[in-house]
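Let me begin by presenting the structure, written as structure tokens, before commenting on it.
The values are calculated or read from the model by the stated rules, or taken from the named source; none is laboratory data. Computed from a prediction, not measured in an experiment: that's the story for all the values here. Here the Cβ positions follow ideal geometry from the backbone for every residue, glycine too, while neighbour counts run over all protein chains shown. Heavy atoms of the whole protein, side chains included, go into the accessibility calculation; ligands, DNA and RNA do not. Shrake-Rupley method; radii C 1.70, N 1.55, O 1.52, S 1.80 Å.
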Amino acid sequence: MGTDYDIVVLGAGPAGLTAGIYAARARRSVLVLDTGTVGGQTVLSYQVANYPGVAETSGRELSRAMAEQARAFGCDIKAFARVADVELRGEVKVVTMRDGARFRSRAVIVASGGVPRKLGVEGEETFVGQGISYCATCDGDFFTGRPIAVIGGGNSALEESVALSRYASHITVIHEFDHFQAEPWVVAEAQSNPRTSFLMNQRVLGFTGVKGLEEVRSVDKATGVVTRTTVDGCFVFIGYVPNSGAFEGQMELNERGEVVTDEALRTSLPGVFAAGDVRHKRVRQITTAVADGTVAALSALEYLSGAAA
Amino acid sequence: MLQTGLEHIESEEAFRQALEENDNVMICCGRMGPMCLPVYDIMETLTPEYPHVAFRDMAFDEPVGRVVRDLPETAGFTGLPFTVYFREGKVVAATSSIQTMDQVTAVLDAKFAPQA
């Protein structure tokens, strides 16, 4: 059971869908697989207002339009795919599904994106959805008039702390460094909020509570002083990690687990290309993912032409 | 109203009817937000695979949402969506916030196993 394709794309975010559009339009048989929903992290954006040519849309709508466009060119897309194994080292690449089905191709584009980074501390899993949240827009109103913490010091964390100040009685921003990574004007806006205080240079130790989340424990990395912050909620925005675990030991990854590519988005494996947030890059936007998808698809097409010659 | 491909529960009468007419019911109560959309998509995907389960959604902010919001099993929930699994009219599981396909199927397989 299974099917042969010219190109299998792993990931149905903007990078993967764009690769699907370009490769299918070039009349190659293309399968886009994703273990989650179509759109990847893009669906987590309520509003997209900086995608050129589209004044305003949602991440979901933009993703669906991309998927529809890819399908119109003949691209197969399977969301919520139950992938068991990915073998990329041979000339023929093989993706095996949990039901035993196999998809074979001569080229693969890895566009598996990233997943929100977790703290990995005691109580984090226990209180997800019962105090701990990763979406201020979704869950902010549950904390109206209540104290919360925001963990992180980048643009997302500080922008969301400002947004959450519409609801919360007090916000404690807990950050692991003694300086912020956010843009200066974002930092300034957060710092000017009278209901926000800051705990810097902290390592979060854990979350505790009896009837839901009640306390965040953190330690000052310089002094060793432990702080117990009383909260009803905590929003975690500490960035993303690449979704590259399936490729460890098969292709070159850097120290952060990002796929290493050259300018043509070739990986260390012949016939394997990478696009979007899974690869080593500095700027992670929908537009840069789309650009990556384009380059990876054109490189894969070139590879297939060479391989066919 | 939610813009999904699922059957919507829009009144308390429809809620009661869904529980009366179906042994196994999964209801996702949420908004059209980023944590909710993936769960609706999972339910749509699973509908043909789990014919013995009635998959429904419900708008969290509509009056009917009260029937899920006010359940004792969702009392401490602070993350959308609230997803509740009913077997023979009784709550057998409830989850808060976004769920993965594996998390949803784990509950479905454990709580709604087809009877031999």
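Can you pull out every residue in the range B:4-40 that is touching a Lys or Arg at 6+ places or on another chain (Cβ under 9 Å) and of a type in the set (D, E, K, R)?
B:Glu7, B:Glu12, B:Asp23 - these are the residues of the range B:4-40 that are touching a Lys or Arg at 6+ places or on another chain (Cβ under 9 Å) and of a type in the set (D, E, K, R).
Being touching a residue at least 24 places away in the same chain (Cβ under 8 Å) and either within 15 Å of the chain's Cα centre (by Cα) or open to solvent by 60 Å² or more (accessible area, probe 1.4 Å) (or both) is the filter here, so list the residues in the range A:68-84 that pass it.
A:Gln69, A:Phe73, A:Asp76, A:Lys78, A:Arg82
Scan the range A:56-67 residue by residue and report those that are within 14 Å of chain B (Cβ to nearest Cβ) and either surrounded by 24 or more Cβ atoms within 10 Å (Cβ to Cβ) or closer than 20 Å to A:Gly239 by Cα (or both).
A:Gly59, A:Arg60, A:Ser63
Inspect the range A:95-112 for any residue being under 21 Å from A:Tyr134 (Cβ atoms) and in contact (Cβ under 8 Å) with a residue 40 or more places away in the chain and give the result as yes or no.
Yes, there is a match, as at least one residue in the range A:95-112 is under 21 Å from A:Tyr134 (Cβ atoms) and in contact (Cβ under 8 Å) with a residue 40 or more places away in the chain.
I'd like the full set of residues that are touching a Phe, Trp or Tyr at 6+ places or on another chain (Cβ under 8 Å) and either within 28 Å of A:Gln285 (Cα to Cα) or assigned to a helix (DSSP H, G or I) (or both), limited to the range A:143-159.
A:Phe143, A:Ala149, A:Val150, A:Ile151, A:Gly152, A:Gly153, A:Gly154, A:Ser156, A:Ala157, A:Leu158
Name the residues in the range A:1-55 that are surrounded by 19 or more Cβ atoms within 10 Å (Cβ to Cβ), modelled with pLDDT of 95 or more and at positive phi, would you?
A:Gly11
Under the condition of being away from chain B (no Cβ under 14 Å) and small (Gly, Ala, Ser), which residue from the range A:100-122 is surrounded by the most Cβ atoms within 10 Å (Cβ to Cβ)?
The extreme case among them is A:Ala111.
Could you go through the range B:39-59 and let me know if any residue there is in contact with a Pro (Cβ under 7 Å, 6 or more places away or on another chain), at pLDDT 95 or above and part of a strand (DSSP E or B).
Checked the range B:39-59: no residue is in contact with a Pro (Cβ under 7 Å, 6 or more places away or on another chain), at pLDDT 95 or above and part of a strand (DSSP E or B).
Return the only residue of A:Gly206, A:Gly276 being touching a residue at least 40 places away in the same chain (Cβ under 8 Å), assigned by TED's automatic domain parsing to the domain that holds A:Leu304, open to solvent by less than 30 Å² (accessible area, probe 1.4 Å) and within 26 Å of the chain's Cα centre (by Cα).
Every option except A:Gly276 fails the conditions.
Can A:Tyr22 be described as of a type in the set (Phe, Trp, Tyr) and closer than 21 Å to A:Arg266 by Cα?
Here the answer is yes, as A:Tyr22 does meet what is asked.
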